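Notes to accompany the following structure.
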Amino acid sequence: MGKLTNIAMITFPNAKINLGLNITERREDGYHNLETVFYPVQIKDALEIVESKMLSFQSSGIAIPGNPESNLCLKAYHLLKKDYDIPPVSIHLHKHIPIGAGLGGGSADAAFFVKLVNQHFNLSLSNEAMMEYARQLGADCAFFIENKPVFAFEKGDRFEPVQVDLSAYVIVLIMPPVHVSTAEAYGGIKPAPASRPLQELIQLPVTEWRHHIKNDFEINIFKHHPIISNVKNALYKAGALYASMSGSGASVFGLFKQTPNLKHLELQHQMYLSV
C-alpha cells in the first residue's frame, strides 16, 4: 500500500434531494421499502484528512449534535481499518449542509470519506466495493459513491440508472427552523404500493410533476409542522415549476426556470441555491 501524497486531502461532499418518495411496505427487519429518485445538488460540506499519529475528529460550521465519536466518518474509518492497514488520520469536517433536512449530508460525508481514503491510500477499491462499505453506514450512503441520479429502491440502498437532468433549472432549497426525527416521519406512514411507477412519472415534463410525483412523508409532517407546508406553498407562489419536501424533511426545494426573488422567505429561513 502506498503512502499518502503531499496533495491536500480534501473533498467536498454534496447533498441530494428526493424526486418523489413512495413508502411501499414495511419490512420484517423493521425498515421500510421505498421508491425514490436521488438527485445530487451542489450544496456542499468540506472534508479533510491528514495522516496523523492518532485518530481524531473535529468539526466546524453548523454544530453537529450528539457525540463526535459516533460521527459516520469515524465509523467509516473503523470499517475500512478492519480490512486494510491504514494509518491514523486527523479528520476535519466543515459542515454547511443543513442537518435534519432530508438532504443526506451525514451519509455524503461518510461516503466521500471512503472515497478519499481509497484514493489516497491506494486501496484500489471498485465503486461496487465502496458501495458495500457505504451500505453498512446508512441506507442512502451508497448513493454518494457514484453520486449521479438513480432510482433507489428497497431500503433506498439499491439502485437503477435513471435519465433525469435538472441542469436547466435553478434549484432553491429552503430549510425552516424545524427538526423532524425519523421516528416522527415514519409514525404517520401507511405503506402502500405506488399506483404508477416512479420511473415512468419522472420522465414526464417537469411542469407535470406537481400533479403526479409526491412525497409520502408530507401529509403527516405538514399536519404537525405547518411551517414546512407554508414554505412549499410559498415556493409555488413564487413560480416554482415543482416543489417538494426532500426525504423526511424538514427542507423543501423548488425548481425554477430562473432565480426567483425569495427575500421574504430568506428573512425567516435558511436558503440555499444549487445552480
*asked:* I want to confirm something. Restricting to region 119-139 and keeping residues that are part of a helix (DSSP H, G or I) and without any contact (Cβ under 8 Å) to a residue 24 or more places away in the chain, which single residue is most open to solvent (accessible area, probe 1.4 Å)?
replied: 119
_Among the residues of region 60-84, what is the count of those that are over 19 Å from the mean Cα position of the chain (by Cα) and either of a type in the set (Ser, Thr, Tyr) or at pLDDT 95 or above (or both)?_
9
*asked:* Of everything in region 87-105, what is touching a helix residue (DSSP H, G or I) at 6+ places or on another chain (Cβ under 9 Å), under 30 Å from residue 179 (Cβ atoms) and either in a loop (DSSP other than H, G, I, E, B) or modelled with pLDDT under 95 (or both)? Give them in sequence order.
replied: 96, 97, 98, 99, 102, 104
_Which count do you get for residues in region 228-263 that are over 21 Å from residue 41 (Cβ atoms) and at pLDDT below 95?_
1
*Members of region 152-180 found to be small (Gly, Ala, Ser), part of a loop (DSSP other than H, G, I, E, B) and surrounded by 11 or more Cβ atoms within 10 Å (Cβ to Cβ), listed by number*: 156
_Every residue in region 240-275 that is under 16 Å from the mean Cα position of the chain (by Cα), of a type in the set (A, V, I, L, M) and either closer than 21 Å to residue 22 by Cβ or not in a strand (DSSP E or B) (or both), please._
245, 250, 252
_Search result, residues across region 233-265 that are open to solvent by 40 Å² or more (accessible area, probe 1.4 Å) and either touching a residue at least 40 places away in the same chain (Cβ under 8 Å) or touching a helix residue (DSSP H, G or I) at 6+ places or on another chain (Cβ under 7 Å) (or both)_ = 241, 257, 258, 259
_Can you say whether residue 38 is in contact with a Cys (Cβ under 7 Å, 6 or more places away or on another chain) and either at pLDDT 90 or above or farther than 19 Å from residue 142 by Cα (or both), as far as the supplied structure shows?_
no
_For region 1-82, give me every one of the strands (runs of 3 or more DSSP E) that falls completely inside it and has 1 or more residues that are closer than 30 Å to residue 244 by Cα and of a type in the set (Ser, Thr, Tyr)._
14-26, 32-44, 56-61
*asked:* Looking at 50, 41 in this structure, which one is surrounded by 15 or more Cβ atoms within 10 Å (Cβ to Cβ) and aliphatic (A, V, I, L, M)?
replied: 41
*Which one of 194, 185 is open to solvent by less than 50 Å² (accessible area, probe 1.4 Å), assigned to a helix (DSSP H, G or I) and closer than 18 Å to residue 244 by Cα?*
185
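The values are calculated or read from the model by the stated rules, or taken from the named source; none is laboratory data. All values reported here derive from a predicted model rather than from experimental measurement. Reconstructed Cβ throughout: ideal geometry from the backbone, glycine too, with neighbour counts over all protein chains shown. Accessible surface is based on the protein model in full, side chains and every heavy atom, while ligands, DNA and RNA are left aside. Shrake-Rupley method; radii C 1.70, N 1.55, O 1.52, S 1.80 Å.
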